[in-house]
Each structure stands twice: as structure tokens, then as C-alpha cells.
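Inspection log for the structure reproduced underneath, given as C-alpha cells.
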Amino acid sequence: MSYRFVTPIPKRAATGSVAAVYSASARELGALFAPHLSPAPDLHAALWAVLRESMLAGTAPRARKEAVAAAVAVVNRCPFCVDAHAAMLHATGSHDTADAITRGEAPDPLVAWARSTRSAAPDPWPFPAAHVPEYVGTALANHFINRMVDALRPGSLLPGGVLRAPSRRAAGLALARTVRRTITPGESLALLEPGAGPAPAWAGDGPVATAWPAFERAARAGGALLGPTARAAVLEAVAGWRGEHPELGGWPGSVLGAVPEDERPGARLALLAALAPYRLTESAVAAWRSSVGPRGDAELVRVLGFGAFTAVSRLADRVAVVA
């Protein structure tokens, strides 16, 4: 599988938390989890913990959480993630739901809610309070994953055109045993560094409440790689975002006018990751690398991760208060 701009740590060379995430995800997800994030091991492990404890473990039906993930991928325009979660839905036997979601439809209130999580006014929660950490965690984790995939691994997972729908079903058949696997909650938490801070109210008091603060700390750390004016510009732009896909002409340059020239390339990367990751270009990455001196894959992942999390945090502010 090819990636842009970064070289993932290969499975044979992985150690520490990267090796642990690869091993667990191959067993529980059916694929190596987010190799493109492996240059930043703390972010890689923390995101895996959030995804595992919200979407793979827990008591809410896996098929319903895959429906949430697929619907989020559709509204974020992440073709790779749409294919992956549609295949997982087929693996659970939810063929009609998978087909409806990939057509851009909302066949039930849960899918409608998932689609609305990118908007300025999300729908009320259509699930019981006991399942809030799982469904909200699944939606928010996938909003982040979609952005990082679109930035670093764009394009579809499966053949396009008329082959895509049958390919999704075929991939689902291969994963049917994986989605039926019993996942013991909390096993990913040993990968996390302690002392990450308090959990948001929506995360409850279970494993998601431990995983989310570690993820937030790791993702926000990338902001230190931006200059202060650049960081403030990213935060301000995302604060005013209402879920729309940015205009094609002039953006993000139109919101970077007050950012010093030497800080602008980093701000551009973070804003693209936040609001339009599918528009990240080789020239934008090259401009950032040349503007800040020698910086490797880990720093690039962290700058993009900061931008992606800034958008996810804005979505969380809206989603988490809708009860």
C-alpha cells in the first residue's frame, strides 16, 4: 500500500508501541492500523486505543458503529475510508445499509446522526446514554482518521466504477470472521502514557475516558511545531468553520494574510489537514520542509495531526452537547 510524503515503519522493523498496535490491529481489525501515523508512535497508539475501545469493543453492535464510521467517511469525502467501512458493513451482513450509505443516503436515524456530525447543528443522539462513549468516540475518531488518510493516503481502497460495489462485498466476506471476534475492553490502554488529563463528559468512565485524553495530548502536541501566529490563525479559522468544504479559489491563502511568511507553510498544512486534507499537495509539503529546516516524517505527521484534531475538537464541542 502506497503513502504520500511519509514512509511508514514496516511491520518487520516495528518495535515498542508500533509493533504492539500492528499486532493487535491485524488480529482485531483485519489490517495493520494506520501505518502512515507510525512515525509518531504516541499519536499512533493513542488513536488506536480510541478507535479500538469505542468502535471494536463495547456493547453497542459493531455493525451499527461501522455504519457510523462509513457515514462519516462519506461526508468527509474520504474514498479509501468509505470503501473500508462499507466492506466491514458487508462483513457484518448489513448489505442494504452499506449500499445505502455509499449512495449518500441515510437509511435510519443513527446514520443521519453520523452524517450530521460534520455540520454546525448535529442531530440529537439517537442512542441510549450507555452507548454515548462508543458512538461519539467512533464518529470523532473516524473524523480524525479520514483527514489523515486523505492527506497521506488519498484515493480509493478498491477498484472503481462498476467493480467497486462487488469488490466491497467480496472484501467483506474475507473479513466476516474478524468482525465476529470478541474484543475485550481496555486491552489497548497499556500502550498509553499516564497522566494525560481529564476526559470529556461524553467519554463516560470506561476505557474511552482513558484513551481520549492521551489521544488529545498527542494530537495537540503538533501545534508546538507551528509559529505562534500560525497556530492562532489555524485555531481562529477552524473556530469559524461550520462544516462546509472550503471554496476552491484562494483558500487557504485568503485566511493566512496576517501570518508571517516564514510561518505560513506550516499554517497551510495544518489548515488543509483540518478542513480539506484531500487538497494537500507535494508543493505545500515541500514549502513547509524548506521553510523550517530539516524535518522528518514524524514532524509532518504531527503538524497534520494538530490540524486534523483542531477540526475534530470543534466537532466534538457541537456533538457532545446534543443529548
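Laboratory data are not the source of any read-out in this text; all were calculated from the coordinates shown. The structure presented is a predicted model; accordingly, all values stated were derived computationally and were not measured. For neighbour counting, all protein chains shown are included, and Cβ atoms are generated from backbone atoms with ideal geometry for every residue, glycine included.
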Degrees, to the nearest 10: 79-91 long Cα axis against longest axis of the chain:
10
So, with +1 on the Cβ of K and R and -1 on the Cβ of D and E, and no other charges, what is the size of the charge dipole of the range 221-319 about its Cα centre, to the nearest 20 debye?
160
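By counting other Cβ atoms within 10 Å of each Cβ, how are Ser313, Ser283, Ser54 ranked from fewest to most? Each step should come with its number before you reach the end.
Details: Ser313 20, Ser283 9, Ser54 30.
Going from sparsest to densest Cβ surroundings: Ser283, Ser313, Ser54.
Compute the relative contact order of the range 74-229 as a whole-number percentage, counting only Cα pairs closer than 8 Å that sit 6 or more residues apart in sequence.
Working: 138 pairs, mean separation 48.1, N = 156.
Relative contact order here is 31 percent.
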For helix 282-292, what angle does its Cα long axis make with the longest principal axis of the chain, in degrees from 0 to 90 and rounded to 10?
50
Gain in length, Ala174 to Ala121, computed as 0.36 nm per residue apart minus the alpha-carbon separation, to one decimal in nm?
15.3 nm
Using 7 Å Cα-to-Cβ label points, what is the Arg103/Ala239 separation (nm, one decimal)?
4.3
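Just need the relative contact order of the chain here, percent rounded to a whole number, with Cα pairs under 8 Å and 6+ apart. Working shown, then result.
Details: 509 pairs, mean separation 75.1, N = 323.
Computed over the chain, the figure is 23 percent.
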Normalised by the empirical 2.2 N^0.38 Å for globular proteins, what value does the Cα Rg of the range 221-319 take?
0.99
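So if the hydrodynamic radius of the range 100-192 is defined as the Kirkwood radius over C-alpha pairs, what does Stokes-Einstein give as its diffusion coefficient at 4 °C and 1.567 mPa s, in µm² per second? Don't skip to the answer; put the middle values down first.
Working: Rh = 16.2 Å.
Calculated translational D: 80 µm²/s.
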Label Arg181 and Arg27 with points 7 Å out from Cα along Cα→Cβ: what is the distance between them in nm?
0.7
For the range 55-104, which trypsin sites (Lys or Arg not before Pro) pass both filters: DSSP loop (anything but H, G, I, E, B) and at most 12 other C-beta atoms within 10 Å?
Arg103
Debye log10 I(q)/I(0) at q = 0.07, 0.08, 0.11 Å⁻¹ for the chain, Cα point scatterers
-0.25, -0.33, -0.64
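At 1.002 mPa s and 20 °C, plugging the Kirkwood radius over alpha-carbon pairs of the range 1-155 into Stokes-Einstein gives what diffusion coefficient in µm²/s?
Translational diffusion coefficient: 136 µm²/s.
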Just in the range 148-242: which trypsin sites (Lys or Arg not before Pro) are loop by DSSP and have at most 15 other Cβ atoms within 10 Å?
Arg180, Arg181, Arg242
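Over the range 221-319, what relative contact order in percent results from Cα pairs under 8 Å that are six or more residues apart? All intermediate terms of the calculation are to be shown ahead of the outcome.
Numbers: 104 pairs, mean separation 38.8, N = 99.
Dividing the mean separation by the residue count of the range 221-319 yields 39 percent.
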How high is the FRET efficiency from Thr229 to Ala287, r the C-beta distance, R0 22 Å, rounded to 0.05?
0.85
Could you tell me the distance between the Cα centroids of the range 11-49 and the range 78-125, to the nearest Å?
25
